[in-house]
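Below: the structure, in structure tokens.
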Amino acid sequence: MSNFVGPPKPLLFDWPTVVAFYAGSFAVAWAGTMAVIRHQGKLGMDTPDGRRKLHARPVSRLGGLPIYLTLMLGFVAAFWFLDVRFEGWLPLILCNFLMFSVGLADDFKSLGARVKLTGQIGAALILYSSGLSIDVLSNPFGEGGLEIGWWSLPLTLLWLVAIPNIINLIDGMDGLAGGFGLFLSLTLAFVGFVSGFNDIMIMSIVMAGALSGFLYFNFPPAKIFLGDGGAYLIGFFVASVSLKSSNKGSIVAALLVIVIALGVPILDTAFAILRRAIRGVPIFRADAEHIHHRLILLGYSKGRALVAMYSVCAVLSLVGISILLTKGVALPVAGAVLFLLAVGAARYLGYVRSWSNLREQMNLAMERRHRLEHARAHARVLDFDIELCCHLEEFSALLVQRLKWMDFNTSRAEGVSPVSMQFSDGSICHLYRPEHLHEEGEWQRRADELETVLERCIERWGSLPPALEFSRPEHGTLEASPEDPAKKQVHDSRLN
């Protein structure tokens, strides 16, 4: 197996055909996305929560549907009308469908991290069993390669599962994940062109056209969201197609191009994993501290933040392509660029406030983690209390005591600020925390530990405890438990 690809092979179709497929994919995705927006119903809607989801009204999360349909129509059209061999593409198409289906099902109703991960691994295993795998890591600087043996399975699964989740993780701002997918698709198309892989080139062009048509409606303010289905589809398409190109040529060449082009999402994912590990929260728990959130806190508008991240992605895509064109000579330069980007971003975005005081920052982070573990311990006890209590009022009294230990108040007072939680029945509970003590984000993470407990309370007794203030969207008032009319009170629902 050669280390890097040789000179380009002649294309089996002309450039007007390539442009026609891009334009056709754009038009089909544009029309499909418009149809989804016009006929959106109650299913698959993303409702704002006032915390991370700050859009003004519910927005459809089914943006992946027109992208997938466009991709399939493009494959059929290329298969019938172009002189291109699509050998080995059926398992790839099937597994892309399975990965998209897992995300789409989650867009309709939350499946949970374990169920989604199981589905992702299942799709990756099917593709691996079809023969698409990482078996040899070639030497980028010379001849020869490393046979990885039984490591082939875990490395292939890691590649096929990690990239969809990385794309999904950055899908927190209008136009971000779709734009990154567009850059990655164009990068793959260039890899296919330079390597002479006509099937990879044309399908990457189709995906680029589909994403362009979708992005017309996804730029801020978005009329439709990508959803888990769309994010998983983009990520798995990039992972599987890059793996297919590597099986035709050099493992290192094709995969390194994608790794470098994915520099920003990988960096964002690394920051998120480290941040959540230090704080002691689940890795898959969403927060509002991704790179795009930090840029907005620094004063960037959504548009400027999007342009900034697009620019970095475009530069990194070119750096990745340079590895391919220089036959690995540019690899040290690419590594240096990624290292400097990581160090500079950590400081500029505020993840590291000062390199000289890094130890003090770590100590402060560990103190916050201990406080969060303290809140989590109280939440676990309350979870048992739900089973032991005979009625809602009994549990409500225990809840008030636990909340005092967690430094929460259940009613307004001087010097307190609200912390809100939204539940599956539409109600929004309001706790109050001291204004001068700790950061707002820390209080929100403590409150999040109570969400599961209070959801179980709603399941058992049909309402939140009467000691809590909560509002319902249909009438916008703060009230006590409806099970005890004597205790029901109506207040102004506006928060301080």
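The values are calculated or read from the model by the stated rules, or taken from the named source; none is laboratory data. Quick caveat, the model's predicted, so the values are computed rather than measured. A quick note on method: Cβ atoms are made from the backbone with ideal geometry, for glycine too, and the neighbour counts reach across all protein chains shown.
Some points to look at:
- Filtering Ala365, Ala336, Ala342 for residues that are at pLDDT below 85 and of a type in the set (A, V, I, L, M, F, W, C) leaves a single hit, Ala365.
- If you go through region 262-299 and pick out every residue that is buried (at least 18 other Cβ atoms within 10 Å of the Cβ), of a type in the set (Val, Ile, Thr) and under 17 Å from Asp228 (Cβ atoms), you end up with 1.
- Residue match in region 44-59 (condition: buried (at least 16 other Cβ atoms within 10 Å of the Cβ) and at pLDDT 80 or above): yes
- Put simply, of Ala208, Ala189 the only residue that is free of Cβ contacts under 8 Å to residues at least 24 places away in the same chain, under 27 Å from His292 (Cβ atoms) and more than 19 Å from the chain's Cα centre (by Cα) is Ala189.
- Put simply, of Pro220, Pro265 the only residue that is touching a helix residue (DSSP H, G or I) at 6+ places or on another chain (Cβ under 6 Å), within 26 Å of Arg294 (Cβ to Cβ) and outside any helix (DSSP H, G or I) is Pro220.
- Whichever residue in region 176-194 is aromatic (Phe, Trp, Tyr) and within 14 Å of Ala261 (Cβ to Cβ) and, among such residues, is surrounded by the most Cβ atoms within 10 Å (Cβ to Cβ): Phe180
- Yes/no for Ser245 being at pLDDT 90 or above and of a type in the set (Gly, Ala, Ser): no
- Within region 387-412, the set of residues being surrounded by 15 or more Cβ atoms within 10 Å (Cβ to Cβ) and touching a His at 6+ places or on another chain (Cβ under 7 Å) comprises Arg402, Met406.
- Complete set of residues in region 379-415 that are free of Cβ contacts under 8 Å to residues at least 60 places away in the same chain and touching a Lys or Arg at 6+ places or on another chain (Cβ under 8 Å): Val381, Met406, Asp407, Phe408, Asn409
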